[in-house]
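Chemist: Have a look at the structure that comes next, please.
The values are calculated or read from the model by the stated rules, or taken from the named source; none is laboratory data. These numbers come from a predicted model, not from an experiment. Please note: Cβ atoms are built from the backbone with ideal geometry, for glycine as well, and neighbour counts cover all protein chains shown.
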Amino acid sequence: GAGTAYEALTVETLPERLRGVSALASRVGNDPGAWQVEEVGDGNLNLVFIVSGPSGKVIVKQALPYVRLVGDSWPLPLYRAYFEYHALTRQAARDPGAVPTVYHFDEAQALIIMEYLSPHVILRRKLIAGEHVAGLAAFLGRFCARTAFRGSELSMPSPEKKADVALFAGNVEIPAITEALVFTDPYFDAEMNSHTEGLEPVIARLRADVGLKVKVQQALQRFVSNTETMVHGDLHSGSIMSTDSDSRVIDPEFVQYGPLGFDIGMLCANFLMAYFSQPAHRGEDLATYQEWILSVIADTCSVFEAEFRDLWRSERTGILYPQTLFEDQGQDSTPACDAVLAEIWRDAWAVCGIEMHRRCLSLAHNADFEDIADVRVRAPLEARNLLMGAELIHSAATLADAKAVCALARDFN
Ligand code: ADP
Ligand code: MG
Ligand code: MG
Ligand code: MG
């Protein structure tokens, strides 16, 4: 239980070990003998239990001292639960209702007890199944804009923001996974890489492209050294849970302070991979569903811009772009906001292209492509995705908007 040395929970030990946690008992029921425990973790890193009882259900998420996907040969610090907990509380403050409510945190046990989302399922599964989610783009565009803006010195008092940067700078090993698996491994023959047979010529082309690798390293440099805002850090369609009309963001253990455009860039990449994988998953409704995915990308980005501009006008209380430089002198700050947004999109489209590469070339592929059993079907779809990723990295600074990105996707499809 609480206060004792870390020990991984099991389905069998959980009721006895957590019986004294009132945040749990008060929601599930006071008799731990009546609790049912199911382990549902489908992620790469942690244990996730649903605990059910006569009064309700909660999620118990516990970090393991190693990477679950690989095993105890790859140790990973338990303190990531501490950063996930602090990320969840900040996201809840910056975009109320967007993340599961946290009921309890136990640092020694690396354990978070939180709201059980139901009947939500992982968005990636819905995209593979061809399902629609109403309000998805509006939710995601607002989440990305609010967390980006409200976690930056456009809004936060500088001392508070700097203290937060210092706090999250302690999360070393998890961002290191991103630095390696996302930004580096796809571009050389790294040990844990894997790829679908048949992609070799495309991979050779990417690795021979020095200009591309320079742009990727520039994006990595910004990722590691630019602390503009608190990023979720792992905002893919497996970190979003949805019903047909309600969505939430989960799993922010990759949190760090980083570029304003990081999350929305990674997110758009995952919609683009859903788009390119669809020919293997759909029948007659292929074209319609693919267009729906592109509309989610375009709408997410336009909601992001609108929300960001709104916050720019109404909540610009930080040290950056102070009112006195603009409105107080009768001047318009719109050109300044335009310039900030242009940098956000430049960063976002580069990250987008890089994420499209790493999910096909590095460790931790995504189910959109991985669920395509026939490699002769999968390889050409992944090839389109890889080539479009390279185009995004090259043209990140000059792309007009998300609609231009959608047009590019249609060209590569
Ligand atoms: P990991 O960090 O290991 O990737 P996640 O936080 O992504 O763990 O959770 C793994 C799985 O557990 C999710 O894919 C989802 O199916 C389930 N899950 C996690 N959090 C919740 C929640 N709050 N409500 C319902 N299911 C959840
Ligand atoms: Mg996860
Ligand atoms: Mg699930
Ligand atoms: Mg995770």
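Chemist: Just one of Ile250, Ile297, Ile293 is among the β-branched types (Val, Ile, Thr) and within 16 Å of ligand 4 (Cβ to nearest atom); which is it?
Modeler: When all the criteria are applied, what remains is Ile250.
Chemist: Can you tell me which residue among Arg68, Arg80, Arg142, Arg124 is among the charged types (D, E, K, R) and touching a Leu at 6+ places or on another chain (Cβ under 6 Å)?
Modeler: Arg68
Chemist: Which condition does Ser277 not pass, out of (1) more than 29 Å from Ala379 (Cα to Cα); (2) hydroxyl-bearing (Ser, Thr, Tyr); (3) out of contact with any strand residue (DSSP E or B) (no Cβ under 7 Å at 6 or more places or on another chain), if it passes all the others?
Modeler: (1)
Chemist: Of the residues Ala373, Ala397, Ala350, which single one is within 15 Å of Gly261 (Cβ to Cβ), among the small types (Gly, Ala, Ser), at pLDDT 95 or above and not in a helix (DSSP H, G or I)?
Modeler: After applying the criteria, what remains is Ala397.
Chemist: Are there any pairs with C-beta distances below 7 angstrom linking a residue in the range 222-241 that is more than 22 Å from Ile297 (Cβ to Cβ) to a residue that is assigned to a loop (DSSP other than H, G, I, E, B) and within 16 Å of ligand 2 (Cβ to nearest atom), with the two at least 6 apart or on different chains, and if so which?
Modeler: What qualifies is Met230/Val255.
Chemist: Continuing with the same structure: Taking Ile177 as the residue in question, decide whether it is in the same structural domain as Ala298 (by TED's automatic domain parsing), at negative phi, of a type in the set (Val, Ile, Thr) and under 17 Å from the mean Cα position of the chain (by Cα). Outline the logic, then answer.
Modeler: Values: in the same structural domain as Ala298 (by TED's automatic domain parsing): yes; at negative phi: yes; of a type in the set (Val, Ile, Thr): yes; under 17 Å from the mean Cα position of the chain (by Cα): yes.
It is true that Ile177 is in the same structural domain as Ala298 (by TED's automatic domain parsing), at negative phi, of a type in the set (Val, Ile, Thr) and under 17 Å from the mean Cα position of the chain (by Cα).
Chemist: For the subset of the range 95-151 comprising residues that are farther than 18 Å from Ala274 by Cβ and charged (D, E, K, R), which member is farthest from ligand 1 (Cβ to nearest atom)?
Modeler: It comes out as Arg150.
Chemist: Collect the residues in the range 10-54 that are away from ligand 1 (no atom under 14 Å from the Cβ) and among the polar types (S, T, N, Q), keeping them in residue-number order.
Modeler: Thr10, Thr13, Ser22, Ser26, Asn30, Gln36 - these are the residues of the range 10-54 that are away from ligand 1 (no atom under 14 Å from the Cβ) and among the polar types (S, T, N, Q).
Chemist: Here is a further query. I'm checking my understanding of the structure. Among residues of the range 141-161 that are touching a residue at least 12 places away in the same chain (Cβ under 8 Å) and surrounded by fewer than 17 Cβ atoms within 10 Å (Cβ to Cβ), which one is farthest from ligand 3 (Cβ to nearest atom)?
Modeler: Ser158
Chemist: Now for a separate question. Scan the range 90-107 residue by residue and report those that are surrounded by fewer than 16 Cβ atoms within 10 Å (Cβ to Cβ) and closer than 25 Å to Ser52 by Cβ.
Modeler: Ala92, Gly97, Thr101
Chemist: Contact list please: Cβ distance under 9 Å, first residue in the range 36-50 and within 20 Å of Asp72 (Cα to Cα) and in the same structural domain as Ala63 (by TED's automatic domain parsing), second residue within 9 Å of ligand 4 (Cβ to nearest atom) and assigned to a loop (DSSP other than H, G, I, E, B), pairs at least six apart or on different chains.
Modeler: Gly43/Asp251; Leu45/Asp251; Leu45/Glu253; Asn46/Asp251; Asn46/Glu253
Chemist: Applying the selection to the range 173-188, what residues are under 17 Å from Asn226 (Cβ atoms) and touching a residue at least 24 places away in the same chain (Cβ under 8 Å)?
Modeler: To start, the set of residues in the range 173-188 that are under 17 Å from Asn226 (Cβ atoms) comprises 175-176, 178-179, 182-183.
Scanning the range 173-188 gives Pro175, Thr178, Glu179, Val182, Phe183.
Chemist: Same structure, new question: In the range 180-220, which residue that is assigned to a helix (DSSP H, G or I) and among the acidic types (Asp, Glu) is surrounded by the fewest Cβ atoms within 10 Å (Cβ to Cβ)? First the steps, then the outcome.
Modeler: Step one: filter the range 180-220 for residues assigned to a helix (DSSP H, G or I), giving 180-182, 185-187, 200-207, 210-220.
Narrowing the set further to residues that are among the acidic types (Asp, Glu) leaves 185, 200.
Details: Asp185: 19, Glu200: 11.
The selected residue is Glu200.
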